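Here the structure comes first, spelled out in structure tokens, and everything after it is commentary.
No value in this document is a laboratory result; all are computed from the given coordinates. Everything quoted here is computed from the prediction, not taken from an experiment. Glycine also receives a Cβ, built like all others from the backbone with ideal geometry; neighbour counts cover every protein chain displayed.
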Amino acid sequence: MESSTWDVDVAIEKVGMGRGQWILFSLVALFLLADGVEVSYLSYVTRVLQVEWHLSAEQEARIISMVFWGEVLGAPVWGILADRVGRRPAFLWSALVISVAGFAAALCQSVLHLTLVRAAVGFGIAGQTAAFDIFAESLPSSHRGVLLMWTMFFPSLGSIYSTFVASLILEPCGWQAFTVACAVPTTLALLLSVWLLPESAHWLASQSRGEEAAQIVAVWARWNASPHEFASLTVPEELEDVDFASLARDGKLRRKFMLLSVVWLGFGAAFYGISFFVPHLFSEVTTDNTDATSVSKVTFDFGQILIARSSQIVGLVFGVLLIDRAGRKPVQIVGFLLAGVASFFLGFKSLGKTAIVMFTSLASASENAASTCTWVHTPELFPTQVRGLAHSLLNACARVGGAIAPYIVATPVPWSAFLIAGFSGAAGLAVCGLEETAGKSLDDYHDIDTDVDSDSDSNAELSE
């Protein structure tokens, strides 16, 4: 006879994969697409406005970096909202902010207005951790690593999407039309999520709302033709006293957080540095002197750029294949260090265009494989009660790295390439101090310093 009260991890394992998780996958994937679109969007628009608005290198860097500073400000807001109010509200409100600000950017007529609006977009994008965590918390451990990696294909597809749209409309229609097209994916995710997105059962159970959590998992059970029934869901007893302050007072959680801060800052600077570097490597400014006045124009080699952008997909394929077989740590360590070596050689343009394309592709693929694995690894290292805040704050570290990236790219070559390589290498070394989490349930292995005594494991009372 089944117990009426289940541990939430055990219940999700019993229900398995099905329609509910695939619906979440689709919604989260569309939302994560926005991040990739944003990175690529900025690299094109600022390059065009450099000519149209006569932007200085400092103004160009400021427009790009303000998006990331907006994300830094938004990260703790969405993290606290996700842990206190729920993953679903954080998801929906952040998507609304991105959509409104994204369309508003097309109306901007000055550097100041564009800078402020893009900062608002960044503020909203910081909520993507809530989207990622709600999906992670819905998955059985046997599927979590691979499926979370699959969602990370969508930032890369977002980058390819914006490159494809740019090749069609940026030069003939202008940057305003391009801006509108780049705001569409998040708006679509918002409209569908209002109708289809449930709250996280993990979060509800951690808030002592076990009956509501059970109702969500029971729906998945019916969809999956599972015979199991649930009256209420719980989290392990030793985690019931974990709260926001645990990130600071608990030594083991604090150590994880500090190491991950280095990882996220490092890959943020390296990943975005490579992304912003690509249009500079494969573009040139030409001057038309056929008329009485000379007109400057930026010309992009979209073929070479598309090769470099598409290499991110190759890196993700390797990540998907290796994340459970090799483990979270090896994928990150090898990926970050390999990206650092490849980035180093981007500082030597004398190697020729073919070599630069090769090293750019290798750097993009390796950095993407490693950083997306970090996205999977991070929520697995923290208990549900602080997962949203910890993940959001670490995401803010990556955005600080992203804010630094435009200034790195503005640094004369080869030092810009050397700095990117250094940040990526530091991320790889920091991963060495973390624990492996492959194959484990979200809340069954956290080493928490707690005064709660337990006579038996929280799952011992649960039976089929």
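Provide the per-residue ³J(HN,Hα) series for region 317-322, in order, calculated from phi with Karplus coefficients 6.51, -1.76, 1.60 and θ = phi - 60°, each as a whole number of Hz, with x at glycine and proline positions.
Running phi through 6.51 cos²θ - 1.76 cosθ + 1.60 with θ = phi - 60° gives 4, 4, x, 4, 5, 9 Hz.
What are the lysines whose alpha-carbon lies under 27 Å from the alpha-carbon of Lys440, with same-chain residues fewer than 8 places away excluded?
Lys14, Lys252, Lys256, Lys329
Would you mind estimating how fast region 72-216 diffuses translationally, via Stokes-Einstein at 10 °C and 1.306 mPa s with the Kirkwood radius over Cα pairs, in µm²/s? Please report the intermediate quantities before stating the final value.
Values: Rh = 16.7 Å.
The diffusion coefficient I find is 95 µm²/s.
Taking the mean number of other Cβ atoms within 10 Å as a proxy for protection, how do you rank 348-361, 222-235, 4-17, 159-172 from highest to lowest? Please report the intermediate quantities before stating the final value.
Working: 348-361: 15.4, 222-235: 17.2, 4-17: 21.4, 159-172: 19.4.
Ranking, from highest mean packing down: 4-17, 159-172, 222-235, 348-361.
For the chain, count all C-alpha to C-alpha pairs, find those more than 36 Å apart, and express that count as a whole percent of the total. Please list the in-between numbers first.
Working: 29514 of 107416 pairs.
Roughly 27 percent, rounded to a whole number.
Using a Cα-Cα cut-off of under 24 Å, which lysines could be cross-linked to Lys349, ignoring same-chain neighbours fewer than 8 residues away?
Lys297
Can you list the residues, at least 5 places off or on another chain, whose amide H is less than 5 Å from the amide H of Asp7, using H built in the peptide plane?
Thr234
Averaged over every viewing direction, what's the projected area of the C-alpha convex hull for region 93-137? Give it in nm², one decimal, please.
Working: hull surface 11.7 nm².
The Cα convex hull of region 93-137, projected and averaged over all directions, gives 2.9 nm².
Please state the charge dipole magnitude for the chain, taken about the Cα centre, from unit charges on C-beta atoms (+1 on K and R, -1 on D and E), reported in debye and rounded to the nearest 20. Intermediate results must be reported in sequence, preceding the final value.
Working: 26 positive and 43 negative charges, 376 e Å.
Result for the chain is approximately 1800 debye, rounded to the nearest 20.
Quick one: which of 140-146, 398-404, 259-265 comes out on top by average Cβ neighbours within 10 Å, and what's the full order, highest first? Write out the running numbers ahead of the final one.
Numbers: 140-146: 18.7, 398-404: 24.6, 259-265: 21.7.
Highest to lowest by the protection proxy: 398-404, 259-265, 140-146.
Tell me, in nm to one decimal, what length is gained between Phe348 and Leu168 on full extension, where the rule is 0.36 nm per residue of separation less the Cα-Cα distance?
Details: separation 180, 0.36 × 180 = 64.80 nm, distance 3.15 nm.
My answer for the length gained is 61.7 nm.
Could you work out the Kirkwood radius for region 36-135, taking every pair of different alpha carbons, averaging 1/r and inverting it, reported in Å? Don't jump to the answer; show the numbers that get you there.
On the way: mean 1/r = 0.0722 Å⁻¹.
With all distinct Cα pairs of region 36-135 included, I get 13.9 Å.
In nm, to one decimal, how far is the Ala57 label point from the His113 one, both placed 7 Å along Cα→Cβ?
The two pseudo-label positions are separated by 2.9 nm.
Measure out, as a whole number of angstrom, how far apart the alpha-carbon centroids of region 119-156 and region 374-435 sit.
Centre-to-centre (Cα) distance: 16 Å.
When the helix-only estimate is applied to the chain (DSSP H runs of n ≥ 4, each -39,500 (n - 2.57), divided by the residue count), what is the mean residue ellipticity at 222 nm, nearest 500 deg cm²/dmol?
Working: 18 runs with 323 residues, N = 464.
So the calculated ellipticity at 222 nm is -23500 deg cm²/dmol.
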